[in-house]
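Working notes for the structure below.
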Amino acid sequence: MRISFASPSLPKTGAIVVGVKDGKELTPAATEIDKRTGGAIKRALASGRFTGAKGQSLEIVAPAGIGNSRILLVGLGKGLDELAQQALGGRVFARMNSVGESAATVLVDDGADDLPAAGAQIAYGARLKSYRYDKYRTKEDTSKKPTLRTLAIRVDSFAKARRAFASLDKVADGVFFTRDLVSAPPNDLYPETFAAEVKKLTDLGVKVEVLGEKQMQRLGMGALLGVGQGSIRESRLVVMRWNGAARNKKPVAFVGKGVTFDTGGISLKPAQGMEEMKWDMGGAGTVSGLMKAVAGRKAKANVIGVIGLVENMPGGNAQRPGDIVKSMSGQTIEVINTDAEGRLVLADALWYTQDRFKPQFMVDLATLTGAMIIALGHEHAGLFSNDDDLSAKLHEAGEATGEKVWRFPLADAYDKMLTSPAADMKNIGGRPAGSITAAQFLQRFVNKTPWAHLDIAGVAWSNKEADTVPKGGTGYGVRLLDRLVRDNYED
Ligand code: BES
Ligand code: MN
Ligand code: ZN
């Protein structure tokens with residue numbers, strides 16, 4: 001889909017999208033169209049439930065007096081905020097494809113304080129919604145394929161809208177990269193191929209290093225390596241660096257769980273739904289997409305991304321329940337359940353990150369626990385942190401982007417549940433508070449660094465459509481963390 005910006009005027013063909021405010025109040029463009037169509041809009045508004053409330057829409061097909069295929073009236077309520085503008089863009093995109101429209105023009109002349117910014121947000125919402133994962137389809141009914149080819153935003157000071165969109169478009173590129181990774185089948189996406197995909201970020205100016213098993217062995221990463229040892233696919237640790245600020249400015253760091261497939265290992269998962277564990281690399285996918293976003297829009301910050309890539313398989317060489325592994329931090333871990341593998345991967349990735357980069361803070365992302373889905377469903381990610389300031393900033397960024405977080409407690413009493421009779425700790429704490437004990441485990445590997453853990457088990461994948469997110473890999477976290485960086489850590 002091509003997205004363009006121009007000054008306000010009525011298009012001669014295609015669909016027109018125009019706003020109506022609360023109480024059926026016509027915007028200037030709606031008034032003009034009503035005049036040209038001999039009152040088609042006022043007649044349409046005379047009956048039915050459409051009042052101009054936020055989220056409503058009403059379509060007038062083949063209007064007389066003008067050459068356009070349809071007029072889509074959209075409710076602006078008392079004015080739309082940023083998220084509502086994005087949602088509007090996403091819904092317009094979906095509607096145009098469902099009716100088979102190929103060109104649409106959105107007239108933005110009312111319903112927001114900053115109209116060029118609103119135009120950019122509408123375009124961003126449409127772009128986010130336009131994502132499709134069709135790499136593996138060899139046949140698809142043309143009636144199911146998207147039809148919308150051009151989306152024109154017409155608004156005063158359109159150059160300003162175009163500029164604002166250019167930066168949002170880069171964030172969308174990052175979101176799409178994450179969605180591609182998360183959607184990829186695990187026979188094609190495994191540690192080595194994942195690392196190769198990330199290596200392509202070099203083109204955007206990201207420095208990418210890929211550590212193999214030998215290098216990780218030398219670093220003492222026994223926790224991460226133990227998880228991958230049952231797979232014929234070799235494990236990888238990928239380090240990404242975007243240097244957008246002065247050299248002496250401390251970086252911010254993001255760390256992701258990248259289990260390219262989680263069978264559970266010897267503690268094998270049940271067959272039902274196991275295919276979902278292809279997206280157990282969602283944390284690493286988000287970190288990779290975030291790096292693409294910040295590099296794409298040339299963020300003025302130093303940003304580190306570290307992802308631990310492993311495949312958790314049973315097999316003759318697989319890790320056993322009862323094994324004791326030694327992590328890079330020197331701490332030993334008794335592996336009680338090989339299905340609690342994400343924390344073992346992150347233990348070494350987190351320690352490595354703070355040890356090498358001494359960042360201002362670390363945020364890790366992981367599809368870490370099924371218990372997270374029980375607690376929060378699919379509406380918030382769980383937030384666990386040793387730092388109130390970082391937590392508050394994440395919460396704000398979540399409200400601003402709609403990628404919400406909800407904080408859970410950490411406490412010594414939970415930490416004690418990890419006590420092992422044989423090693424420094426065991427890798428599970430039992431059923432109660434399963435998401436919290438997982439976070440307590442991670443906290444043992446962050447040293448003194450300000451840190452936050454986002455358990456994204458419930459939000460990395462979605463089985464239902466949302467306004468700006470199609471079904472499947474959501475790309476959750478790219479917008480959230482890009483916003484965290486943009487609002488707080490750029491020069
Ligand atoms: N990747 C899973 C968690 C998960 C489950 C994410 C379902 C998304 C959907 C993780 O590795 C896991 O298996 N966790 C176990 C931990 C338990 C063994 C302590 C779990 O949640 O059951
Ligand atoms: Mn697991
Ligand atoms: Zn897992």
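Computed quantities for the displayed model
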| item | result |
| --- | --- |
| Ordering of 180-187, 427-434 by burial proxy (mean other Cβ atoms within 10 Å per residue, highest first) | 180-187, 427-434 |
| The range 456-491: trypsin sites (Lys or Arg not before Pro) in DSSP loop, at most 10 other beta carbons within 10 Å | 464 |
| Value of relative contact order over the range 154-293, rounded to a whole percent, pairs C-alpha under 8 Å and six or more apart | 37 |
| Principal-axis tilt of helix 82-99 within the chain, Cα atoms, nearest 10 degrees | 70 |
| Kirkwood Rh in Å, taken over all unlike Cα pairs in the range 238-302 | 13.8 |
| If the convex hull is drawn through the Cα atoms of the range 199-319, its volume per residue in Å³ | 110 |
| For the range 131-173, alpha-carbon Rg relative to the globular expectation (2.2 N^0.38 Å, N residues) | 1.67 |
| Charge dipole of the range 136-227 about the Cα centre (unit charges at C-beta), most positive-ward option of 226, 194, 158 | 158 |
| Cα-projected label distance for residue 332 with residue 396, points at 7 Å along beta-carbon direction, nm | 4.6 |
| Inter-label distance for residue 62 and residue 7, nm, one decimal - labels placed 7 Å from Cα along Cα-to-Cβ | 3.6 |
| Using θ = phi - 60° and Karplus 6.51 cos²θ - 1.76 cosθ + 1.60, couplings along the range 483-491 (whole Hz; Gly, Pro as x) | 5, 4, 5, 4, 7, 10, 10, 9, 5 |
| Relative contact order (%) - the range 389-450, alpha-carbon pairs under 8 angstrom, separation at least six | 27 |
| If the convex hull is drawn through the Cα atoms of the range 122-246, its volume per residue in Å³ | 161 |
| Rounded FRET efficiency, nearest 0.05, which uses the C-beta distance separating residue 24 from residue 373 and R0 of 45 Å | 0.60 |
| Hydrodynamic radius by Kirkwood, which averages 1/r over all alpha carbon pairs of the range 52-180, in angstrom | 15.6 |
| Local electrostatic count at residue 360 - Lys and Arg +1, Asp and Glu -1, tallied over other residues with Cβ under 12 Å | +2 |
| Residues whose placed amide H lies under 5 Å from that of residue 364, excluding near-sequence neighbours | 255, 452, 453, 454 |
| Mean projected area in nm² (Cα convex hull; one quarter of hull surface) for the range 1-94 | 6.1 |
| Å³ per residue enclosed by the Cα convex hull of the range 335-402 | 113 |
| The range 62-118: Rg to Rh, with Rh as the Kirkwood radius over Cα pairs | 0.99 |
| Extension gain, residue 42 back to residue 143 (0.36 nm per residue minus Cα-Cα distance, nm) | 33.1 nm |
| Range of Cα positions in the range 376-445 per principal axis (Å), largest first | 46, 25, 16 |
| The chain: relative contact order in percent, alpha carbon pairs under 8 Å with at least 6 residues between | 15 |
| Helical mean residue ellipticity (222 nm; -39500 (n - 2.57) per DSSP H run of 4+; nearest 500) of the chain | -11000 deg cm²/dmol |
| Alpha carbon centroid spacing (whole Å) that separates the range 313-367 from the range 198-253 | 14 |
| The range 413-460 and the range 30-72: distance between their alpha carbon centers, rounded to Å | 56 |
| Cα gyration tensor, the chain - rounded (a/c under 1.5), prolate or oblate | prolate |
| Principal axis box of the range 238-387, alpha-carbon based, largest edge first, Å | 49, 37, 28 |
| Shape category assigned to the range 351-491 from the gyration tensor of Cα positions, a/c cut at 1.5 | oblate |
| The range 181-268: C-alpha gyration tensor shape, a/c 1.5 cut-off, then a/b vs b/c | prolate |
| Rg over Rh [alpha-carbon atoms, Kirkwood Rh] for the range 422-491 | 1.09 |
| Whichever lysines have a C-alpha closer than 28 Å to that of residue 145, once near sequence neighbours (fewer than 8 apart) are set aside | 12, 129, 135, 170, 278, 292, 464, 471 |
| Sparsely packed GluC sites (Glu not before Pro) within the range 245-319, loop by DSSP, other Cβ within 10 Å at most 12 | none |
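Laboratory data are not the source of any read-out in this text; all were calculated from the coordinates shown. All of these numbers come straight from a predicted model, not from anything done at the bench. With ideal geometry, Cβ positions are generated from the backbone for all residues, glycine too; neighbour counts draw on all protein chains shown.
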